[in-house]
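Novice: Submitted below is the structure of interest, expressed as structure tokens.
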Amino acid sequence: MKRENSVFIRLWRSEKGVALIEFAFAAPILLTLILGGLELANYALAHMRVNQIAMTVADNSGRVTTGIDEANIYEVFSGASVIGDPIDFQTHGRITLSSLQDNDQNGSDAGQMINWQRCWGDAEINPVYGFEGDGSDDNSLEDGMGDGTNNVTAAPDTAVMVVEVSYRYQPLIDTNYMIISESISHQAAFNVRGRQNNDITNAQSLAVMSCEDFGTSGSDGTDDGTGNGGGSSGSSTSGGSSTSSSGGGGNDSDSTSGGSSSSSSSSTSSSSSGGNGNGNGNGNGNGNGNGNGNGNGNGNGNGGGRGGR
């Protein structure tokens, strides 16, 4: 009994393993602080990038002078793609670009309108402050676009580029133990500079980045066009034969969205024992993604005699 008591006394007085025990108590707190700090830093950087996207899109779209075209929209959203790439913005975010203008109405219908609107990003997030065409013939946007406390309005004969950017935050670890919002939103607005025509055009017949479509961002080059052309052929019946064929194909893609198109054409002709045959084929392909391709093929076959169809 005395020996057992001495063992307990020695254990009680022993200071071995104290540091390990203290670390076991402190480790969860220390780990929480470290991981929490990293998560907060990442969250702050995501906010900065989303805000930068909003400012860049509004500024660049407002700098387009003379007139604005769908090709300009592709270029503007291409710049946003570069900024948002580190946070995988295209997959988890959505940009809404609206052209806010005076609706040219009188009396009680006077107000603002969204003349046109374009969106980019695969997240299913709808515009917050209105859709294309809102306010065009009524005063539903009498106070402009905004949350009611700080609305944006456009002066007559000009336009304001209003941008809404929304992003679903992707945490490094987990945000269940932190009080942060998983939805990040920023807005920006810039006046257009010296633009003579505020209506949007589409000179290259590009795919329109409608706000009604999700997961089909044009700047990924998801649209393509194909075209095929076939020529005629000639033939006659006799002893000898001669054949010729040719095929032409064209590929061309040149746009910020990386669209592609292809076209092909072929022609054949044959003649036998004095027959002549000529065949021509033309093919054209146009791709909505942003590429056009043309291909032409010509084929001639000559024999010793005559005949042909």
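The values are calculated or read from the model by the stated rules, or taken from the named source; none is laboratory data. Keep in mind it's a predicted model, so treat the numbers as computed, not measured. Cβ coordinates were reconstructed from backbone atoms using ideal geometry, including for glycine residues, and neighbour counts include every protein chain displayed.
Novice: Taking only pairs six or more apart or across chains, which ones have beta-carbon atoms under 7 Å, a first residue in the range 60-73 that is closer than 15 Å to I95 by Cβ, and a second residue that is assigned to a strand (DSSP E or B) and among the polar types (S, T, N, Q)?
Specialist: G62/N191
Novice: Looking only at residues in the range 89-131 that are more than 14 Å from the chain's Cα centre (by Cα) and assigned to a helix (DSSP H, G or I), which one is surrounded by the fewest Cβ atoms within 10 Å (Cβ to Cβ)?
Specialist: G107
Novice: Can you give me the number of residues within the range 164-211 that are outside any strand (DSSP E or B) and of a type in the set (S, T, N, Q)?
Specialist: Within the range 164-211, residues that are outside any strand (DSSP E or B) and of a type in the set (S, T, N, Q) number 8.
Novice: In addition: With respect to E70, determine if the residue is assigned by TED's automatic domain parsing to the domain that holds A188, of a type in the set (D, E) and at pLDDT below 90.
Specialist: no
Novice: For the range 137-145, does any single residue satisfy the condition of being in contact with a strand residue (DSSP E or B) (Cβ under 9 Å, 6 or more places away or on another chain), in the same structural domain as H92 (by TED's automatic domain parsing) and not in a loop (DSSP other than H, G, I, E, B)?
Specialist: Among the residues of the range 137-145, at least one is in contact with a strand residue (DSSP E or B) (Cβ under 9 Å, 6 or more places away or on another chain), in the same structural domain as H92 (by TED's automatic domain parsing) and not in a loop (DSSP other than H, G, I, E, B), which makes the answer yes.
Novice: Also: Please pick out the residue among M161, M178 that is in contact (Cβ under 8 Å) with a residue 60 or more places away in the chain and crowded, with 21+ Cβ neighbours inside 10 Å.
Specialist: From the options M161, M178, the qualifying one is M161.
Novice: Answer yes if at least one residue in the range 25-40 is closer than 30 Å to S205 by Cα and loosely packed, with under 15 Cβ neighbours inside 10 Å, and no otherwise.
Specialist: No - not one qualifying residue is present in the range 25-40.
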